[in-house]
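As structure tokens, the structure follows; a few thoughts come after it.
The values are calculated or read from the model by the stated rules, or taken from the named source; none is laboratory data. Predicted, not measured: the structure shown is a model, and the values here were computed from it. Every residue, glycine as well, gets a Cβ built from its backbone with ideal geometry; the counts of neighbours run over all protein chains shown. Just the protein is used for accessible areas: all its heavy atoms, side chains included, with ligands, DNA and RNA removed. Shrake-Rupley method; radii C 1.70, N 1.55, O 1.52, S 1.80 Å.
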Amino acid sequence: MPVPTAALVSNSQMGKKSPTESHIQVDPQWAWKPYEPCAEQPWNLRWAGHLYRRAAFGATWKQLQQALADGPQKTADHLLRPQVDINGFDQELGEYESSAAKSESAEGIRAWWLRRMIQTPHPLLEKMTLFWHGHFALSNTSVKNAQLMYQYICLLRQNAMGSYESLFDGIAHNPAMLIALDSEKNRKAQPNENFALELLQAFGLGPSHFTENDVRETARAFTGWFVMKNQSRFIPREHDAGSKKILGEEGNFTSKDAIQTVLRQPAASRFVIRKLYRWFISEIEYPPDPLMAPLEESFAKDYDIEKLVSTMLRSNIFFSQTAYRKRIKSPVEFALGIIQGMEANVSTTKLGQDLAALGQNLYHPPTIKGWPGGRHWINSATLLSRCNLANALLSDKSLYGGKLSPLAIAKKHGFSKPDSTCKFLLDLYLQGDLDSEARESLLKRVPQSTEANDYSLELNQYAQQIFSLPEYQLV
């Protein structure tokens with residue numbers, strides 16, 4: 001099926017200016033206060049869908065209806081700390097993942113992670129694990145060890161909503177990280193400056209916030225760390241115990257001391273918070289320093305990731321036009337949004353392969369900087385591939401086996417007539433968020449056939465049209 005012209009994401013929807021050109025002017029005190037619905041800004045299906053797209057991988061119809069009843073703050077509570085048996089789920093999935101990790105290939109653990117994303121009772125935890133996978137970006141192309149890569153993702157998940165200090169420290173000493181940056185033998189006589197450079201630039205502070213001497217001294221602080229039998233080991237005799245000066249601080253620093261020195265820099269909090277702003281609020285407009293200042297000041301006190309995420313997800317600015325549909329969906333978000341709405345499972349081995357073809361190969365970020373995101377996800381080729389993936393997910397002739405059925409999910413929730421079924425699908429996936437021209441175009445495609453097979457096929461085509469719309473490409 002060719003990509004309709006409407007499938008191109010327009011400037012009006014994604015902003016005409018680049019993040020470096022565009023600045024928002026918002027009162028910081030108002031921005032980070034909890035959103036309280038009012039006549040001018042009511043809580044409705046539109047905002048419930050927005051919250052579930054950002055804090056999860058889309059929503060089921062039941063979740064959207066429950067969110068309408070609960071309101072924004074209670075829904076945020078549920079997403080941040082769901083009252084379910086997460087440990088039991090984690091143990092069950094972990095057994096399959098551990099078994100898959102014994103393979104030389106990362107394809108098995110990629111499939112099981114997608115399965116986890118689809119079935120998890122804590123989708124925000126997986127969404128944050130995916131975020132950190134793009135921030136502390138390691139690829140099995142460099143590590144060449146599925147078991148170590150699985151352990152690395154487990155480390156991200158364990159700390160994804162915890163202490164950023166613990167997460168940073170764990171990643172800096174993780175065997176997969178040391179191997180990926182050629183630092184599995186960090187001898188006193190040969191400090192690994194490449195490792196120190198990436199630690200400061202890609203993970204800790206961003207560019208232009210350190211000197212060449214800071215890189216050399218940080219490398220010295222990490223001497224003594226080796227990877228032996230797939231485990232990180234510290235060998236004291238190989239550690240340079242001399243005095244070091246890192247980022248203006250001086251002492252006989254160990255690797256942990258170096259990490260804490262990095263985190264004490266204002267640039268450290270700023271670097272990660274701006275990435276999270278891009279993840280949860282907007283990738284279109286560059287946030288001015290005064291807007292970020294309250295978050296940076298608070299985060300630097302305790303490095304509490306959950307508190308930071310909670311502030312963002314509850315805020316006035318999150319529930320405003322500054323944030324609404326201001327980020328392009330990654331391939332994972334695109335596909336999982338379809339699957340979640342249909343309340344079904346598919347072959348995640350096949351899904352992992354198709355998502356890799358779309359540019360998001362889990363366990364294989366393209367560079368140490370992760371996936372660039374934004375408009376890099378969208379071009380004529382990837383839009384066509386997105387349409388093809390949506391078609392395959394709904395087709396009973398594809399390897400997905402036709403397990404996703406718009407007709408079945410509509411009937412499950414009490415919608416049987418063509419008009420009501422089509423409106424249900426629009427509300428489920430777009431919350432009715434369409435301009436008049438697109439709505440008129442879709443109304444012309446409402447199935448008219450009364451034959452069961454024809455009706456089901458036409459309804460599939462109608463859903464495919466929804467998934468090709470510009471609005472569906474946006475989070």
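Can you spot the lysines whose alpha carbon is less than 16 Å from K369's alpha carbon? Ignore those fewer than 8 places along the same chain.
By straight Cα distance, K369 reaches K275.
Counting only heavy atoms of the protein chains, get the accessible area per residue of the stretch 312-470 (1.4 Å probe) and round it to a whole Å² value.
Normalised by residue count, the accessible surface of the stretch 312-470 is 41 Å².
Applying a 10 Å radius around every beta-carbon, put 380-391, 194-205 in order of their mean neighbour count, most first.
On the way: 380-391: 17.8, 194-205: 21.4.
Those peptides, ordered most packed to least, come out 194-205, 380-391.
If you project the alpha carbons of the stretch 400-475 onto the principal axes, what extent comes out on each, in Å, largest first?
31, 26, 20
Classify the stretch 114-187 from the C-alpha gyration tensor, please: rounded if a/c falls under 1.5, else prolate or oblate depending on whether a/b exceeds b/c.
oblate
Let me know the shape class of the stretch 315-390, please: from the alpha-carbon gyration tensor, a ≥ b ≥ c as square roots of the eigenvalues, rounded when a/c is under 1.5, otherwise prolate if a/b is greater than b/c, or oblate.
On the way: a/c = 1.75, a/b = 1.28, b/c = 1.37.
Oblate is the answer for the stretch 315-390, as a/c is 1.5 or above yet b/c matches or exceeds a/b.
Could you tell me which of the pairs K33/K74; K102/K229; K329/K412; K423/K444; K33/K307 are separated by over 18 angstrom between their Cα atoms in the structure shown?
Pairs exceeding 18 Å: K329/K412.
Given the stretch 258-410, report the % of alpha carbon pairs whose separation exceeds 28 Å.
Tail of P(r) above 28 Å: 37 percent of Cα pairs.
List every residue whose amide H lies under 5 Å from the amide H of I328, counting only residues 5 or more places away in sequence or on a different chain, with H placed 1.01 Å from N in the peptide plane.
Distant-sequence amide H within range of I328: G374, V475.
Can you order the peptides 412-419, 132-139 by their average number of other Cβ atoms within 10 Å per residue, highest first?
Highest-to-lowest ranking by the protection proxy: 132-139, 412-419.
Could you order the peptides 281-289, 466-474 from most to least packed, using the average number of other C-beta atoms within 10 Å per residue?
Going from most to least packed, we get 466-474, 281-289.
Near the amide H of S315, under 5 Å away, which other amide H atoms are found, from residues 5 or more places off or on another chain, if H is placed in the peptide plane?
Y35
Starting from the Cα gyration tensor of the stretch 54-170, multiply each eigenvalue by 5, take the square root, and state the resulting semi-axes largest first in whole Å.
Over the Cα atoms of the stretch 54-170, the semi-axes work out to 28, 16, 12 Å.
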